[in-house]
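First comes the structure, then the notes that go with it.
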């Protein structure tokens, strides 16, 4: 069973067992609903059911069934919230991808055929996402995820073809 990260518990909130969660999903209103099951990552992963959920500023405040006391949830600060692969829905747009699909892809320059490195992480910025490409023995390459740069994503072969923008 594969698990995928959908949020991080950054703190507790109040004394009634609520936790403050930074969502790492495009579907927080679906992921963080009463009755949904999540896995708290750790040495001993723990499956929990959401008892209460509400958005609060840039966070979500969640409490879990049978854990509505600060003393029961404080130990989970800093842990990730995961979902099982069976809970992942198909994306409607054929040009849309989950982060776990993109991270690890080999980046190839469309014009030269050069292998530039592998996507190591994705930065979410207001204008567009930026893919961080780890390159051997040089600094990371930052690629904006825009149509002018990302030419073709080939998940079957683990590659993405890009056009590098000229530096000014």
Those strands (runs of 3 or more DSSP E) completely within the range 53-160 that have 2 or more residues that are at negative phi, surrounded by fewer than 18 Cβ atoms within 10 Å (Cβ to Cβ) and at pLDDT 90 or above are 106-109, 115-123, 130-134, 141-144, 150-154
In the range 13-24, anything part of a loop (DSSP other than H, G, I, E, B) and either out of contact with any helix residue (DSSP H, G or I) (no Cβ under 8 Å at 6 or more places or on another chain) or surrounded by fewer than 19 Cβ atoms within 10 Å (Cβ to Cβ) (or both) is listed as 14, 15, 16, 24
Exactly one of 39, 10 is loosely packed, with under 15 Cβ neighbours inside 10 Å and either at pLDDT below 90 or touching a strand residue (DSSP E or B) at 6+ places or on another chain (Cβ under 8 Å) (or both), and that residue is 10
Within the range 42-52, residues touching a strand residue (DSSP E or B) at 6+ places or on another chain (Cβ under 6 Å) and assigned to a loop (DSSP other than H, G, I, E, B) come out as 45
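The values are calculated or read from the model by the stated rules, or taken from the named source; none is laboratory data. The structure displayed is predicted, hence computed values, not measured ones. As a convention, Cβ positions derive from the backbone with ideal geometry for all residues, glycine included, and neighbour counts pool all protein chains shown.
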